[in-house]
Every structure is written in structure tokens, then in C-alpha cells.
Amino acid sequence: MQTLAGAISTATHGTGRNLPCLSAEIRGVRMITGTGAEMKISTDEHADLLPAVQVALGTLGVLTGIKMQLIDRHKLHRRVWFAPYDEVLANAKRLWADNRNYEFFYLPFSNTAMCITHNLTEAACTPAWRASALG
């Protein structure tokens with residue numbers, strides 16, 4: 001299971017060309033250092049350390065609090081499809097340019113890739129798919 005502290009400490013990145021990694025959205029943290037001391041780092045306190053703590057891989061201490069820049073709640077439309085790998089590579093730049101998020105996963109020895117896009121939508125929400133829905 002992924003945690004917010006783990007995702008920001010490893011610079012987990014989304015798939016959007018205009019979206020920074022999660023750690024770029026940190027505005028402050030509270031952490032316990034290796035000596036057991038509590039330390040606050042933010043744009044107001046120890047600001048020079050903020051870039052270091054944004055992708056520290058746990059080396060500076062254990063994060064116990066995170067202040068992040070957020071955006072308003074929004075809905076995304078997810079599309080998943082399979083395509084020949086050569087076609088995916090040929091169209092990758094266009095798909096990255098045309099979608100908020102685009103990613104693909106090559107399926108070894110199959111000459112096939114699974115493609116995923118996410119785009120903003122105002123459409124009504126649909127229920128999440130569940131395996132139990134099959135019966």
C-alpha cells in the first residue's frame with residue numbers, strides 16, 4: 001500500500017506533461033530526525049532545507065506531518081485500451097500532447113501495450129468496477 005509520505009519521499013510522478021511530482025507540492029513538513037528531535041521545515045522555517053526534504057527517501061527522518069498545495073476537487077475520465085507496441089510508440093508524443101495524463105505499459109513478448117489516459121470531465125460519475133459485479 002502506498003502512503004503519501006512514501007510517494008513524496010520517492011518523487012512519485014504522475015503522467016501529465018504539466019503536472020509536477022507530488023513532492024513539488026510540499027509547502028512544509030513536520031518530521032522526527034535521526035536523533036529523535038522534532039523538526040519543522042516549511043517556506044517559513046528552515047526554507048533552505050525544503051528542497052532536500054521534498055525527495056529525501058527517508059534519509060532526513062520520518063515525516064509525521066505534511067502541508068501540501070492542493071487544487072479543487074475534480075473528476076477524471078479514464079480510458080484504457082490495448083494497441084500494437086509500434087503504434088503506441090509512433091503515437092506517443094501526440095497522446096502526451098492531447099491528454100492531461102497518458103501512460104502505457106509494454107506487455108513483454110506480445111508486441112502489445114496497454115494505454116491509459118485521464119482527462120478532466122464534467123460527466124456524471126459512474127460506479128467503480130468491482131469483480132463481484134460479475135456475479
State which residue pairs qualify: first residue surrounded by fewer than 13 Cβ atoms within 10 Å (Cβ to Cβ) and inside region 24-41, second residue assigned to a strand (DSSP E or B) in any location, beta carbons under 8 Å apart, and separation of 6 or more residues or different chains.
Thr33/Met39; Glu38/Arg30; Glu38/Met31; Glu38/Ile32; Glu38/Thr64
Only one of these is at pLDDT below 95, in contact with a helix residue (DSSP H, G or I) (Cβ under 8 Å, 6 or more places away or on another chain) and more than 30 Å from Asn111 (Cα to Cα): Ala56, Ala52. Name it.
Ala56
Does region 90-100 contain at least one residue that is exposed (fewer than 10 other Cβ atoms within 10 Å of the Cβ) and of a type in the set (Gly, Ala, Ser)?
yes
Could you list, in sequence order, all residues of region 42-60 that are out of contact with any strand residue (DSSP E or B) (no Cβ under 7 Å at 6 or more places or on another chain) and either surrounded by fewer than 16 Cβ atoms within 10 Å (Cβ to Cβ) or basic (Lys, Arg) (or both)?
Asp44, Glu45, His46, Ala47, Asp48, Pro51, Ala52, Leu57, Gly58, Thr59
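Report yes if some residue within region 12-22 is closer than 24 Å to Ala97 by Cα, in contact with a Cys (Cβ under 7 Å, 6 or more places away or on another chain) and modelled with pLDDT under 90; otherwise report no. Steps first, please.
Going residue by residue through region 12-22, those that are closer than 24 Å to Ala97 by Cα are 12-22.
Still in the list and also in contact with a Cys (Cβ under 7 Å, 6 or more places away or on another chain): 12-13.
Next, from what is left, pick out any that are modelled with pLDDT under 90: 12-13.
Checked region 12-22: at least one residue is closer than 24 Å to Ala97 by Cα, in contact with a Cys (Cβ under 7 Å, 6 or more places away or on another chain) and modelled with pLDDT under 90.
Any idea how many residues of region 1-23 are within 14 Å of Leu63 (Cα to Cα), of a type in the set (S, T, N, Q) and surrounded by 13 or more Cβ atoms within 10 Å (Cβ to Cβ)?
3
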So Asn91 passes all but one of these: (1) out of contact with any strand residue (DSSP E or B) (no Cβ under 7 Å at 6 or more places or on another chain); (2) assigned by TED's automatic domain parsing to the domain that holds Thr10. Which condition number does it fail?
(2)
Output for region 94-120, where each listed residue is outside any strand (DSSP E or B) and over 15 Å from Asn18 (Cβ atoms)
Arg94, Pro108, Phe109, Ser110, Asn111
In this structure, is Ala83 farther than 25 Å from Ile26 by Cβ and over 21 Å from the mean Cα position of the chain (by Cα)?
yes
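Quick check on Leu63: is it in the same structural domain as Gly36 (by TED's automatic domain parsing), surrounded by 10 or more Cβ atoms within 10 Å (Cβ to Cβ) and at pLDDT 90 or above?
Taking the combined requirement at face value, the residue does not satisfy it.
The values are calculated or read from the model by the stated rules, or taken from the named source; none is laboratory data. Keep in mind that this is a model prediction, so the values were computed, not measured. Note: ideal-geometry Cβ built from the backbone for every residue, glycine included; neighbour counts use all protein chains shown.
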